[in-house]
Structures are given as structure tokens and as C-alpha cells.
Amino acid sequence: MAIPEHLSLTIAKSELPRIVIIGGGFGGLKLAKGLKKTKAQVVLLDRNNFHTFQPLLYQVATAGLEPDSIAGPLRKSFEGNPNYFFRMVKVTGIDTDKNEIETTVGNLSYDYLVIASGSVTNYFGNEKIKKVLPLKRLVHALDLRSHILQNFEQAVLTKDEKKLEQMMNIVVVGGGPTGVEVCGALSELKKHILPRDYPDLDFSKMNIHLIEGTDRLLNGMSEASGQNSLRYMEKLGINVQLNTMVEEYEDDVVKLSSGSIESATVVWSAGVRGNVLSGINSTSVERSRLVVDEFNRVKGFDNVFAVGDVALMKSEEFPNGHPMLAPVAMQQGSHLSKNIKRHFQGKKMMPFKYFDKGSMATVGRNKAVVDMPGGVHVKGLLAWVIWMFIHILYLIGFRNKLIALNNWVWSYLTYDKGTRLIIRTFSRKNRKD
Ligand SMILES: Cc1cc2nc3c(=O)[nH]c(=O)nc-3n(C[C@H](O)[C@H](O)[C@H](O)COP(=O)(O)OP(=O)(O)OC[C@H]3O[C@@H](n4cnc5c(N)ncnc54)[C@H](O)[C@@H]3O)c2cc1C
């Protein structure tokens, strides 16, 4: 694609080494913040001008939170730092021979490059399911929110029984934390909000299905968490189908290995794969991630690093790499900032070690599961309070914390969700991946 003449990515080079970071997600942002007192020119590039707190995307999608409360402007993190630069650009490739990254507005040279480009939705190569709705970016959450609400607005207008069934049914694919959380939030909408908003629809006909390919929910968590979340799902009236694969989605019919479901809404939360940018040698890529050593250095390079979801760091404890989780990305970003400082001081870099603080998932009001270090498992109200506290703690910015808390308290007390708005209508034709 030709670059418009009036645009350029030129940034004046100083005598300081230039560290280019691709991606202002959990890993990239933590790294950039950690480099603040380093004698280097730091350039952060992201296709968005904001950081997204992905663990709460499902709340935006289900009208629980407004998008602004789970995102924060990236430029704010750089205020008052003359050696810091942010550019909102999409990186299209990397030329490791020239030490340059390629973007839609031109190239930029680097002395050190850190790839923190995260992950993308994994459809496992199945072209027949491309009409499902992903939940990976903030635009996806807004699309999903609009799509669900548009369906109900259409449902009150339709005379066709089959179409009505398709509009009222929602299928969620993938029984990990996101799938479970989406189902829990949808069941709250079904129970407390939608019948009040649409009194002329019969909500006993609204079915929420959760489809999972393996024999349990929450595979990355303990057996107890899997079983408790299944119990919660059943209590909420969600139809869980385990050991079931989605084979095709066409004309509002989901074909499963065990039958089919009529549905105009299929949410895909069945997995992600590393967002590997073009230009990196294929010998450095494994399991769709960039192979890095214990210092997060990409295999085959001295000055190219990767952190977070895109990085595959194999160790005895994690032979297939670390799980694609926010704490891994944050710890790697923070650790790499210390290693870069050590490197500049002529000291040896320190190997990365992941500190697992546990994992959690919420199913709804007073229902959550938490696995803590040492095999401690918590469920119910206490787990739900822990879940809320941790999410508020890690949300970017004081303002966001306040807005999210305010929304949660309001909806807890009133059983209401204030953000069920169709701000811009969604059409599958305009869907972004
Ligand atoms: C719906 C959902 C729920 C989740 N829930 C949890 C949870 O409860 N707990 C948990 O620990 N983890 C959760 N995760 C996973 C967690 O969000 C990721 O592990 C984490 O975001 C990884 O951080 P990262 O820095 O590697 O990538 P990201 O945070 O994804 O950041 C990548 C950044 O790179 C930018 N980027 C990508 N490509 C380009 C490009 N070509 N040019 C410019 N910029 C680019 C993106 O805009 C983004 O800002 C969830 C993920 C999703 C999608």
C-alpha cells in the first residue's frame, strides 16, 4: 500500500540507543514504564492510542461496563519524558537485516527491538467458522454489544418463528475463563434486564449454550474450579456441552459434532495464537509464538526481544511456554526493563522466572472460582470479592478504577446495567479481526 506523501514516521535520532517497542499491551506498557530512568530513546508503537484491559472485555460486550473504563490512553504514561515517543501506527513487518520495522506510514530504525504484539484469535484454520464473533479487542466487545442488542430490537419486530429462535439463542464457544464469564453475564442480562426492556418477548425461549471441546471447563485451572464453574453454569440455566466441537457456522446455524443449534450470535472464545509479525525467520517461530531464551531474547538475534503472549519461553517447568496470561506479560515486561538496564551497565542479564499468583474466573453475582498458590481453592462470594478486588487493582488509572467500581456497585444494588446502548450499529461486513 502506498504511503500518503504527507505522512512520515521519522523520529530524530539522539546519541542515545533507540529501543522500539511494538505493542502497548500488558507486556509492552510495563516494559516502557520500567525503562523510564534508562538512558535510551524509547519509542512505543501501537495500532491503538490506548491500552486495553482485556480481562474485562466481556463486561463491555454484555453492557456491564463502558469501553472507556477498561482502556487508558498510552500517551499518558509518557507525559513529561522527553526521551519517550508514542506513535499510533500499525506495524506491518520487521526487517532484521536493516534493523528496521515497517509500518503503514514508513519505516523506523531501531538499536533494540521488543515485540509485544500479543495474540490474535485462533480459528484453528477452519474457514467455515469465520462468521463467528471474536472477543479479543475493544472493537469486538462493542460489536458484540451492538449485535446482541440489535438482535433483541429485531426480535420484537419479527413475525418469523425461526428467525426469532435464531435471535434469541446465543452460543458461546470455548469453556475457558472468557467463555464462562460471557455466559454468566448473559444469564444475568436474561434474568434481570432483558425481560424488563423487552416485555413483549418470551425469555423462557432465550437459550444460552456453552460449547467446549474437552471434557471439562476452565482447563487451565484446578479440577475443583472446573467442577464448581460447571455447577454454577447449570444453576444459571446455561446449556453446557462438553466434548463437543464446532464444525461450521453458516446461515445462522451452528453445526456441532453432536448436532446443530439455530443462532444468530456465536461468540468465539476458543483460543488465541501468537501475533507473529512478518519478517522474523521461521526458525524463530514455534507453536505460533516467537521462541525466546530465558532473557526474552528472540532465537537467532542479539537485539530483538519478545514478551507476553507472542513469546515462547520454554523451561523445565513450562515445556510448552508460559500460559498466555496478563501476569506473565507484565512480569516479563518488567523483568526485561531491568535486564536492558543491566545490559547498558555492562552487567549480565538475569534469567526470567514466572511467579504464579494464581488464577480466577467469575460466573456472576456472588459466584466465582479462585485458585491460589499452594493449591488453595476458593469459590462463591469470597472468590467473587477477591476477583473484583484484583481486577480493580490492575485496571489502568485511578479514574477507570473508580468508574468500574461505581458501575459494579450500582448494578449489584439495582440489578441494572446502564450501558446497553447501540452507539453504532454492527454489521458482519465491517467486522475487524
Ligand atoms: C477476552 C479476554 C479475556 C482475558 N482474561 C484474562 C484474565 O482473566 N486473566 C489473565 O491473566 N489474562 C487474561 N487474558 C489474557 C491477557 O489479556 C493476555 O495474556 C495479555 O493481554 C497479554 O499481554 P501482551 O502484552 O502480550 O499482549 P496485549 O495485551 O494483547 O497487547 C498487544 C498490543 O499490541 C498491539 N498490536 C498488536 N499488533 C500490532 C501491530 N501490528 N502494530 C501495532 N500494534 C500492534 C495491540 O494493539 C495491543 O495493544 C484475556 C484475554 C482476552 C482476549
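Mind checking whether some residue in segment 21-36 is touching a residue at least 60 places away in the same chain (Cβ under 8 Å), within 15 Å of the ligand (Cβ to nearest atom), surrounded by fewer than 15 Cβ atoms within 10 Å (Cβ to Cβ) and outside any helix (DSSP H, G or I)?
Scanning segment 21-36 turns up no residue that is touching a residue at least 60 places away in the same chain (Cβ under 8 Å), within 15 Å of the ligand (Cβ to nearest atom), surrounded by fewer than 15 Cβ atoms within 10 Å (Cβ to Cβ) and outside any helix (DSSP H, G or I).
Anything in segment 254-284 that is among the hydrophobic types (A, V, I, L, M, F, W, C) and closer than 18 Å to Leu57 by Cβ? List them, or say none.
Residues satisfying the conditions are Val266, Val267, Trp268, Ala270, Val272.
Only residues in segment 101-112 that are on the phi > 0 side of the Ramachandran plot and in the same structural domain as Val43 (by TED's automatic domain parsing) count as the first member; pair them with residues that are in a loop (DSSP other than H, G, I, E, B) and not β-branched (Val, Ile, Thr), Cβ under 8 angstrom, at least 6 apart or cross-chain, and list the lot.
Between residues of segment 101-112 that are on the phi > 0 side of the Ramachandran plot and in the same structural domain as Val43 (by TED's automatic domain parsing) and residues that are in a loop (DSSP other than H, G, I, E, B) and not β-branched (Val, Ile, Thr), the close pairs are Gly106/Leu7; Gly106/Ser8; Gly106/Leu9.
Does segment 227-240 contain at least one residue that is in the same structural domain as Asp371 (by TED's automatic domain parsing), among the β-branched types (Val, Ile, Thr) and under 16 Å from Glu181 (Cβ atoms)? Show your work before the answer.
To start, the set of residues in segment 227-240 that are in the same structural domain as Asp371 (by TED's automatic domain parsing) comprises 227-240.
From what is left, the residues that are among the β-branched types (Val, Ile, Thr) are 238, 240.
Add one more test, that the residue is under 16 Å from Glu181 (Cβ atoms), and what stays is 238, 240.
Yes, segment 227-240 contains at least one residue that is in the same structural domain as Asp371 (by TED's automatic domain parsing), among the β-branched types (Val, Ile, Thr) and under 16 Å from Glu181 (Cβ atoms).
Would you mind stating whether Met350 is over 15 Å from Asn275 (Cα atoms), surrounded by fewer than 20 Cβ atoms within 10 Å (Cβ to Cβ) and modelled with pLDDT of 95 or more? Working first, answer last.
Values: over 15 Å from Asn275 (Cα atoms): yes; surrounded by fewer than 20 Cβ atoms within 10 Å (Cβ to Cβ): yes; modelled with pLDDT of 95 or more: yes.
Here the answer is yes, as Met350 does meet what is asked.
Can you name every residue in segment 115-132 that is more than 12 Å from Arg289 (Cβ to Cβ) and not polar (S, T, N, Q)?
Our first condition is that a residue be more than 12 Å from Arg289 (Cβ to Cβ); within segment 115-132, this holds for 116, 121, 123-132.
Within segment 115-132, Ala116, Tyr123, Phe124, Gly125, Glu127, Lys128, Ile129, Lys130, Lys131, Val132 qualify.
Could you check segment 88-132 and list, in sequence order, the residues that are assigned to a loop (DSSP other than H, G, I, E, B), among the polar types (S, T, N, Q) and modelled with pLDDT of 95 or more? Can you show your working first?
Start the filter on segment 88-132 by keeping residues that are assigned to a loop (DSSP other than H, G, I, E, B), which leaves 89-90, 96-99, 104-105, 110-111, 116-118, 122-126, 130-132.
Next, only the ones that are among the polar types (S, T, N, Q) stay: 96, 99, 104, 117, 122, 126.
Within segment 88-132, Thr96, Asn99, Ser117, Asn122 qualify.
Residues of segment 212-253 being on the phi > 0 side of the Ramachandran plot and either surrounded by fewer than 18 Cβ atoms within 10 Å (Cβ to Cβ) or touching a Cys at 6+ places or on another chain (Cβ under 8 Å) (or both), which ones?
Narrowing segment 212-253 to residues on the phi > 0 side of the Ramachandran plot: 218, 237, 243, 251-252.
Gly237, Asn243, Asp251, listed by residue number.
Looking at Ser278 and the list (1) crowded, with 18+ Cβ neighbours inside 10 Å; (2) within 30 Å of Lys98 (Cβ to Cβ), which single condition is not satisfied?
The one condition Ser278 does not meet is (1).
For residues in segment 53-67 being more than 15 Å from Trp410 (Cα to Cα) and of a type in the set (A, V, I, L, M, F, W, C), which is surrounded by the fewest Cβ atoms within 10 Å (Cβ to Cβ)? Break it down into steps so the answer makes sense when it comes.
Let us first name the residues in segment 53-67 that are more than 15 Å from Trp410 (Cα to Cα), namely 53-58, 60-62, 67.
Retained after the next criterion (residues that are of a type in the set (A, V, I, L, M, F, W, C)): 53, 56-57, 60-61.
Numbers: Phe53: 25, Leu56: 22, Leu57: 26, Val60: 25, Ala61: 28.
Restricting to residues being more than 15 Å from Trp410 (Cα to Cα) and of a type in the set (A, V, I, L, M, F, W, C), the top hit is Leu56.
Scan segment 177-200 for residues that are within 23 Å of Ser260 (Cβ to Cβ) and surrounded by fewer than 21 Cβ atoms within 10 Å (Cβ to Cβ) and jot them down.
Lys190 - this is the single residue of segment 177-200 that is within 23 Å of Ser260 (Cβ to Cβ) and surrounded by fewer than 21 Cβ atoms within 10 Å (Cβ to Cβ).
Just to verify a result, which residue in segment 86-109, among those that are hydroxyl-bearing (Ser, Thr, Tyr) and within 14 Å of the ligand (Cβ to nearest atom), is surrounded by the most Cβ atoms within 10 Å (Cβ to Cβ)? Give the steps one after another, and end with the answer.
Within segment 86-109, the first condition is being hydroxyl-bearing (Ser, Thr, Tyr), and the residues that meet it are 92, 96, 103-104, 109.
Still in the running and within 14 Å of the ligand (Cβ to nearest atom): 92, 103-104.
Values: Thr92: 15, Thr103: 20, Thr104: 14.
This residue is Thr103.
Output the residue which, of all residues in segment 281-309 that are surrounded by fewer than 20 Cβ atoms within 10 Å (Cβ to Cβ) and among the polar types (S, T, N, Q), is nearest to Leu29 (Cα to Cα).
Asn303
The values are calculated or read from the model by the stated rules, or taken from the named source; none is laboratory data. Computed from a predicted model, the values in this text were never measured in an experiment. As a convention, Cβ positions derive from the backbone with ideal geometry for all residues, glycine included, and neighbour counts pool all protein chains shown.
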